[in-house]
Amino acid sequence: MTTLTEAPPPPSPAASEKKPPRRRGRWTPYLLLLPGILWLLVFFALPMIYQASTSVQTGSLEEGYKVTWHFATYWDALSEYWPQFVRSVLYAASATILCLLLGYPLAYLIAFRAGRWRNLIMILVIAPFFTSFLIRTLAWKTILADGGPVVGALDTLHVLDVTDWLGWTAGDRVLATPLAVVCGLTYNFLPFMILPLYSSLERIDPRLHEAAGDLYARPWTTFRKVTFPLSMPGVVSGTLLTFIPAAGDYVNADLLGSADTRMVGNVIQTQFLRILDYPTAAALSFILMAAILFMVTFYIRRSGTEDLV
């Protein structure tokens, strides 16, 4: 004898509807960004506001400074120290070009030809970072010392004659000349050029080179049409990472240069720490920042990589 069981009642329409998933962690990205935002606010935004107020103050260290909205400080600073601004741009641009000429072949070698030696070469590239910036710059005083092997070799090759005619050296010496400052800038900021270049070149598919060869393209044509255009993000990033800190640097000009090779960074340092003219120093800082921002924006737009802004 069989027992009949009643079928379960059909589910109600309300129960059959799926409840929307609960949005969890909606505030998680903002909480993760909060430490960085606070850091930028405390150590970047607030000091910038303070420096902006300092640049429009008048007074003295004994009497105190007051905000009087004296914007003429900007014009006075620019009219008096414009040679240092031009010199800073010229030295930074020269060092950036040298870093690109030296760093691109090395980055290409690491990306495509290094093989098992890639890690070793990369360690050698970043090895200078394990030494103090100041010590590395002081080492160049020994390298470029008068009567040293470098000066002797350049004199033998008659390089000093050409650079002396251009005003980059002083007779038979290199130290305390523009050439020494540019050499120091190039050496110290060369890794900042190599690393972005390597990162960009390493992403290029080697099969693109093979395809160009199958289409009877010569190596130079392959580089000009394929490799270099695809590595432009690395070129732009490397030049920015080199030019921006080099334009504001003062250590190389102070240790390797002379009074005739002072950059705007040296002027700002002197105004802040020796003369104690804080409004002029703050105005120079803002002028330098605005000039670099204008040149960087123009350069990025001309290079066709606006997405890096």
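Run the numbers for Tyr299 and His158: contour at 0.36 nm per residue of separation, minus the present Cα-Cα distance, in nm.
Taking 0.36 nm per residue and subtracting the Cα distance, the gain is 47.2 nm.
Ordered from highest to lowest accessible area with the whole protein assembly present and a 1.4 Å probe, Cys183, Cys99 read as Cys183, Cys99.
Leaving out ligands, DNA and RNA, and with a 1.4 Å probe, what % of the accessible surface on the chain is carbon or sulfur? Of the solvent-accessible surface of the chain, carbon and sulfur hold 67 percent.
The solvent-accessible area of Val42, taken with every protein chain present and a 1.4 Å probe, is close to 80 Å². If you sort Tyr250, Tyr81, Tyr216 by accessible surface, 1.4 Å probe, largest first, the order is Tyr216, Tyr250, Tyr81.
Inter-part distance, the stretch 34-113 to the stretch 175-208, computed on C-alpha centroids, equals 21 Å.
In the chain, helices alone account for a calculated mean residue ellipticity at 222 nm of -19500 deg cm²/dmol, with every DSSP H run of four or more residues adding -39,500 (n - 2.57). With only the Cα atoms considered, the stretch 128-180 has a convex hull volume of 79 Å³ per residue.
The spread of Cα positions in the stretch 25-180, taken along each principal axis and listed from longest to shortest, comes to 59, 54, 24 Å.
Give the shape of the stretch 87-140 as rounded, prolate or oblate, defined through the alpha-carbon gyration tensor: a ≥ b ≥ c are the square roots of its eigenvalues, a/c under 1.5 means rounded, and otherwise the shape is prolate if a/b is larger than b/c and oblate if not. Verdict is oblate for the stretch 87-140. Relative to the current alpha-carbon distance between Lys141 and Ser79, full extension at 0.36 nm per residue lengthens the span by 19.1 nm. Per residue, the stretch 23-107 exposes 73 Å² of solvent-accessible protein surface, assessed with a 1.4 angstrom probe and all protein chains in place. The listed residues Phe189, Phe130, Phe272, once ranked by accessible area (1.4 Å probe) with the largest placed first, stand as Phe130, Phe272, Phe189.
At a temperature of 37 °C and a viscosity of 0.692 mPa s, determine how fast the stretch 177-261 diffuses translationally according to Stokes-Einstein, using the Kirkwood radius over alpha-carbon pairs as Rh; express D in µm²/s, rounded to the nearest whole number. It comes out at roughly 221 µm²/s.
Each residue of the stretch 114-120 is assigned a 3J(HN,Hα), and the resulting list reads 6, x, 6, 8, 4, 5, 5 Hz, derived from the Karplus form 6.51 cos²θ - 1.76 cosθ + 1.60 (θ = phi - 60°), x at Gly and Pro. Where a ≥ b ≥ c are the square roots of the eigenvalues of the C-alpha gyration tensor, would you call the stretch 32-92 rounded, which needs a/c under 1.5, or, failing that, prolate if a/b is larger than b/c, or oblate? Since a/c reaches 1.5 but b/c is at least a/b, the shape of the stretch 32-92 is classed as oblate.
What would the Debye formula give as log10 I(q)/I(0) at q = 0.10, 0.14 Å⁻¹ for the alpha-carbon point model of the chain, no solvent? So the normalised log intensities are -0.77, -1.23.
Ligands, DNA and RNA aside, Leu230 has an accessible area near 90 Å² when probed at 1.4 Å.
Count the net charge of all other residues whose Cβ sits under 12 Å from the Cβ of His158, scoring Lys and Arg as +1 and Asp and Glu as -1.
-4
At 1.4 Å probe size, with every protein chain present, just tell me what the per residue accessible area of the stretch 169-298 comes to in Å². Intermediate values should be presented prior to the final figure.
Working: 6020 Å² over 130 residues.
Per-residue value: 46 Å².
Can you give the local net charge around Asn266? Use residues other than it whose beta-carbon is closer than 13 angstrom to its beta-carbon, Lys and Arg +1, Asp and Glu -1. Net of charged neighbours comes to 0. How tilted is helix 46-55 with respect to the longest principal axis of the chain? Cα atoms for both, answer in degrees (0 to 90, nearest 10). Between the helix axis and the principal axis of the chain, the angle is about 30 degrees. The slack between Glu63 and Leu230, meaning 0.36 nm per residue of separation minus the straight C-alpha distance, is 54.3 nm. Starting from the Cα of Ile121, step 7 Å along the direction of its Cβ; do the same at Tyr50; then give the gap between the two resulting points in nm. In this crude spin-label approximation the distance works out to 4.6 nm.
The values are calculated or read from the model by the stated rules, or taken from the named source; none is laboratory data. Predicted model only: the values in this text are computed from it and were never measured. Because the Cβ atoms are built from the backbone with ideal geometry, glycine has one as well, and the counts that use them run over all protein chains shown. Please note that ligands, DNA and RNA were not included when accessible areas were found on the heavy atoms of the full protein model with its side chains. Shrake-Rupley method; radii C 1.70, N 1.55, O 1.52, S 1.80 Å.
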